[in-house]
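The values are calculated or read from the model by the stated rules, or taken from the named source; none is laboratory data. Because the structure is a prediction, the values reported are computed rather than measured. Note: ideal-geometry Cβ built from the backbone for every residue, glycine included; neighbour counts use all protein chains shown. Only protein heavy atoms, including side chains, enter the accessible area calculation; ligands, DNA and RNA are left aside. Shrake-Rupley method; radii C 1.70, N 1.55, O 1.52, S 1.80 Å.
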Amino acid sequence: MVKKLIKYKIQKQILRWLLLFIILIVPKIQFGQTYSTRNYTVYDGLPSSAIRCIYKDSHGLLWIGNDASLCTFDGKAFQIVKTTQGKTINQVWSIAEDDQGNMWFGSHGEGVYKYDGRHIEKFTKKNGLADDYVRVVTYSNNFQCVVAGSYKGISIIKNDTIITSPEWMGKREKMYCVTGIAEADKFLYVSTFGKINPIRCYPDKGEFISLSNSGKYPNGCLDVYITSKGDTVFSLYPKGIKIIGKKGTIEDFSLGQVFNMTEDNSGNIWFASWSTHNRDLQEGVFKYDGKTFKNYKTEFGITDKEIWTVYYDRDQDILWVGTLNEGIFRVSNSEIAKFSPS
């Protein structure tokens, strides 16, 4: 009887240790990390599933540029923005806000729009703009001006005066379209389709200098971004990334064509990697944590190959991803949860 009791106690103890092992070890092996992701499409009120840009203004309102029109999102509903004449703003590819709270919209075909909260003003070639096909627009805090990039180079808008870049930056037949603008301390970086990259722009002087022959910078780059650490990130053409920082230079060609990038609250850089069905490029939503690049496309539930833009909302800790066929994906980093396979 004593032997049976001892045997029972040993078996009970073994069972306890086995259960503890299962609780601690099995989740690490079987449980997968699932991101809290919400996909918005035309069925949710988006004017178009082809998303070109996403921007959150100083009032907390989300602006979304797409191929159909410009719209806003307050967290509940999408609202199409129209002019006082009842017209929509079409093909909005870039959005910016100046220090006065005015919103600026770059249209791929209609020039640049300014919205002061009440009225919408339009700038085109007739007003002195370099080109009406604007691909990127940004506001420079250092130089206090709006800078618009197009197929015909740069347009600098300040105090209702427009200054354009020299002719060598706008040869459309050579596809010198401006695709990226980033603000450094004393100048702006400009990237284009042409092999004149990167370009340093000094808006206060109207001066443009190509660094293509320096040997340090990539000739073929489509976007440029300066991180909070001061590193300069170039998206290479036709694929890959080059990072020039204080600790050296990093290149990675696992990414496809990157048209847009953003930084989160932890200093991670997110990339919208684009491809098409006739291009052999690695599409996805890549994250660079300072050591490695990882593609999160599958974790986010995205199947579209044409991932065009990413925007990180630092206030809400939310990553927004815009695609050209599947609308917008909202990924909340603060709501990461773990679920068992069942």
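From the list Asn159, Asn102, Asn141, which residue is at pLDDT 95 or above and surrounded by fewer than 15 Cβ atoms within 10 Å (Cβ to Cβ)?
Asn141
Just checking, does the stretch 186-197 include any residue being among the small types (Gly, Ala, Ser), over 25 Å from Tyr55 (Cα atoms) and open to solvent by 40 Å² or more (accessible area, probe 1.4 Å)?
no
Taking Val92 as the residue in question, decide whether it is under 15 Å from Leu70 (Cα atoms) and either without any contact (Cβ under 8 Å) to a residue 24 or more places away in the chain or surrounded by 22 or more Cβ atoms within 10 Å (Cβ to Cβ) (or both).
yes
When you scan the stretch 152-264 for strands (runs of 3 or more DSSP E) that lie fully inside it, which ones turn up with 1 or more residues that are more than 30 Å from Glu283 (Cβ to Cβ)?
153-158, 161-164, 199-202, 207-210
Might you check whether a residue that is open to solvent by 10 Å² or more (accessible area, probe 1.4 Å), closer than 16 Å to Cys53 by Cβ and in contact (Cβ under 8 Å) with a residue 12 or more places away in the chain occurs anywhere in the stretch 277-293?
no
From the list Gly45, Gly117, which one is open to solvent by less than 50 Å² (accessible area, probe 1.4 Å) and either closer than 26 Å to Ile162 by Cα or of a type in the set (Ser, Thr, Tyr) (or both)?
Answer to the selection: Gly117.
Out of all the residues in the stretch 119-151, which are within 21 Å of Gly86 (Cα to Cα) and outside any strand (DSSP E or B)?
Passing the criteria: His119, Thr124, Asp132.
Among the candidates Ile269, Ile243, single out the residue that is surrounded by fewer than 21 Cβ atoms within 10 Å (Cβ to Cβ), under 24 Å from Trp320 (Cβ atoms) and under 18 Å from the mean Cα position of the chain (by Cα).
So the residue among Ile269, Ile243 that is surrounded by fewer than 21 Cβ atoms within 10 Å (Cβ to Cβ), under 24 Å from Trp320 (Cβ atoms) and under 18 Å from the mean Cα position of the chain (by Cα) is Ile243.
Looking at the stretch 209-231, which of its residues are within 12 Å of Gly194 (Cα to Cα) and open to solvent by 60 Å² or more (accessible area, probe 1.4 Å)?
Asn219
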